[in-house]
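Colleague: What follows is a single structure, and I will ask about it in a moment.
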Amino acid sequence: MKVPFRLNTLAVAFGLAGSLLAGAAQAENIKIGVVIPATGPLTQYGDMVKEGVDTALEQINAAGGINGNKLEAVVVDDACEPKQGPVAANRVVNAKIHYVVGPVCSGAAIAAAPIYNNEGVVVVTPSATSPALTEGKNFTSVFRTIGRDDQQGPFAAKFIAQTIKPKKVAVLHDKQSYGQGIATAVRDTLKADGVNVALFEGINAGDSDYSAVITKLKSAGVDFVYYGGYHPEMGLLLRQAAEQGLKVRIMGPEGVGNPEINAIAGPAVEGMLVTLPADFASNPKNAALVKAFKDKKRDPSGSFQMGSYTAVKVIADSIKAVGNDAGKVAKHLHTATFETPLGNLAWDAKGDLKAYDFQVFNWHKDGSKTPATK
């Protein structure tokens with residue numbers, strides 16, 4: 001009689017073990033790659049994205065996760081460099097991660113996107129704005145929670161033409177995918193609106209002295225400057241322009257809207273104009289979310305926090321709706337409408353938002369910003 005008892009005991013043990021293993025498998029974390037510049041000169045943009053991702057994960061996991069599974073962030077560094085984009089993408093694929101928030105910068109995103117799409121990884125970038133990321137690519141799994149440069153650029157140009165009303169404009173850029181792309185959109189729209197664009201010129205990102213281009217701006221007699229690029233170069237342009245007596249207002253895209261620019265430009269940053277995503281943190285509907293950010297000492301009003309929070313949410317909501325299958329999630333993103341902190345979002349066939357709200361802000365030397373009216 002002892003043998004059957006032992007067999008039954010073993011059977012029960014194996015049954016319990018099987019149940020535990022099944023439970024463990026069922027509770028396995030769903031990994032989301034967070035592809036950001038964790039190194040290099042643009043790390044603050046990565047910090048912004050991670051703040052949004054972390055806030056979303058905390059809320060989702062505290063509520064029980066997605067269909068019993070917790071979400072887990074896996075940070076992958078691409079330094080915002082195009083040559084590192086594919087390297088980061090392959091790391092994501094090799095780690096069998098099926099969802100990504102990022103990449104942050106357009107150049108790295110453009111370089112990496114074919115790999116993600118070919119491998120069926122769902123990518124939602126909260127910050128890569130270049131049309132070249134999605135235009136004419138026929139990607140099925142690449143999305144963004146921010147508008148494109150050919151939305152932001154014309155929006156900025158219309159503000160310049162209709163509100164600033166300059167007589168002669170210079171448009172500068174950093175010769176890179178993002179900066180040159182948005183600068184080109186600004187230039188073309190200004191010209192179409194009859195604004196005199198006296199100078200369209202590239203500068204070298206990473207240089208420390210822009211005296212030569214500032215001399216050109218003074219010689220051209222411009223009374224307004226638009227710069228397409230990121231905050232390190234914009235900060236130097238502002239400071240060196242002030243030092244050389246060039247008294248013009250300078251405007252840039254969301255890539256210059258970084259608190260670090262204040263340390264670079266000093267008092268010369270006062271009055272910089274910048275196009276940014278609308279101040280979604282000021283929407284009363286987002287009051288509880290804003291509190292959740294602030295409770296963790298995070299900035300809900302930064303350029304990319306709300307967009308990255310939303311990127312996680314739409315991925316999570318899609319997994320909840322159709323299951324943990326990246327292909328089905330991508331199809332769901334293409335067809336569904338999502339209620340988010342950014343408003344009701346829907347994507348077109350390219351993975352671009354059907355509508356997006358940009359605003360123009362005055363940037364101040366204390367690091368604050370206010371809506372611009374002139």
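The values are calculated or read from the model by the stated rules, or taken from the named source; none is laboratory data. For clarity, every value in this text was computed on a predicted model and none was experimentally measured. Cβ atoms come from the backbone with ideal geometry, glycine included; neighbour counts cover every protein chain shown. These accessible areas exclude ligands, DNA and RNA; they are computed on the full protein's heavy atoms, side chains included. Shrake-Rupley method; radii C 1.70, N 1.55, O 1.52, S 1.80 Å.
Colleague: Please verify whether Leu42 is of a type outside the set (Phe, Trp, Tyr), at pLDDT below 95 and either open to solvent by 90 Å² or more (accessible area, probe 1.4 Å) or in contact with a Lys or Arg (Cβ under 7 Å, 6 or more places away or on another chain) (or both), treating the condition exactly as stated.
Modeller: no
Colleague: Moving on. Among the residues of segment 197-204, is any part of a loop (DSSP other than H, G, I, E, B) and open to solvent by less than 50 Å² (accessible area, probe 1.4 Å)?
Modeller: The answer is yes; a qualifying residue exists.
Colleague: Limited to segment 292-319, what total is found for residues that are open to solvent by 10 Å² or more (accessible area, probe 1.4 Å), within 21 Å of Gly64 (Cα to Cα) and in contact with a helix residue (DSSP H, G or I) (Cβ under 9 Å, 6 or more places away or on another chain)?
Modeller: 5
Colleague: Let me spell it out: the conditions are (1) modelled with pLDDT of 95 or more; (2) among the aromatic types (Phe, Trp, Tyr); (3) assigned to a helix (DSSP H, G or I), and Tyr227 meets all of them except one. Which number is the exception?
Modeller: It is condition (3) that Tyr227 fails.
Colleague: In segment 208-224, what residues are closer than 25 Å to Gln152 by Cβ and assigned to a loop (DSSP other than H, G, I, E, B)?
Modeller: Tyr210, Val222, Asp223
Colleague: Follow-up question, since we're still on this one. In the set Thr134, Thr140, Thr215, which member is open to solvent by less than 60 Å² (accessible area, probe 1.4 Å) and in contact (Cβ under 8 Å) with a residue 24 or more places away in the chain?
Modeller: Being open to solvent by less than 60 Å² (accessible area, probe 1.4 Å) and in contact (Cβ under 8 Å) with a residue 24 or more places away in the chain holds for just one of Thr134, Thr140, Thr215, which is Thr134.
Colleague: Looking for whichever is out of contact with any Lys or Arg (no Cβ under 9 Å at 6 or more places or on another chain), surrounded by 15 or more Cβ atoms within 10 Å (Cβ to Cβ) and closer than 24 Å to Gln152 by Cα here; the options are Met272, Met251. Which one fits?
Modeller: Met251
Colleague: Name the residue, out of Ile110, Ile164, Ile97, that is modelled with pLDDT of 95 or more, buried (at least 20 other Cβ atoms within 10 Å of the Cβ) and farther than 17 Å from Gly229 by Cα.
Modeller: Result of the check over Ile110, Ile164, Ile97: Ile97.
Colleague: Another question, then. I want to confirm something. Restricting to segment 223-244 and keeping residues that are open to solvent by less than 10 Å² (accessible area, probe 1.4 Å) and either out of contact with any helix residue (DSSP H, G or I) (no Cβ under 9 Å at 6 or more places or on another chain) or of a type in the set (Gly, Ala, Ser) (or both), which single residue is farthest from Asn196 (Cα to Cα)?
Modeller: That would be Gly235.
Colleague: Condition test on Ala79, is it buried (at least 20 other Cβ atoms within 10 Å of the Cβ), in contact with a Lys or Arg (Cβ under 6 Å, 6 or more places away or on another chain) and either in contact (Cβ under 8 Å) with a residue 24 or more places away in the chain or of a type outside the set (Phe, Trp, Tyr) (or both)?
Modeller: No: the conditions fail for Ala79.
Colleague: I've got another one for you. Return the only residue of Asn286, Asn362 being in contact with a strand residue (DSSP E or B) (Cβ under 7 Å, 6 or more places away or on another chain), polar (S, T, N, Q) and at pLDDT 95 or above.
Modeller: Within the list Asn286, Asn362, the selection yields Asn362.
Colleague: Let me ask something else. Quick one: how many residues across segment 339-349 are surrounded by fewer than 19 Cβ atoms within 10 Å (Cβ to Cβ) and either in a strand (DSSP E or B) or touching a residue at least 60 places away in the same chain (Cβ under 8 Å) (or both)?
Modeller: Residues meeting the conditions: 3.
Colleague: Count, please, the residues in segment 275-291 that happen to be more than 21 Å from His364 (Cβ to Cβ) and surrounded by fewer than 17 Cβ atoms within 10 Å (Cβ to Cβ).
Modeller: The qualifying residues number 6.
Colleague: Going through segment 89-99 one residue at a time, which ones are within 11 Å of Val35 (Cα to Cα) and either of a type in the set (Asp, Glu) or out of contact with any helix residue (DSSP H, G or I) (no Cβ under 6 Å at 6 or more places or on another chain) (or both)?
Modeller: Selection gives Arg91, Val92.
Colleague: Residues of segment 254-269 being within 21 Å of Thr215 (Cα to Cα) and surrounded by 18 or more Cβ atoms within 10 Å (Cβ to Cβ), which ones?
Modeller: Ile264, Ala265, Ala268, Val269
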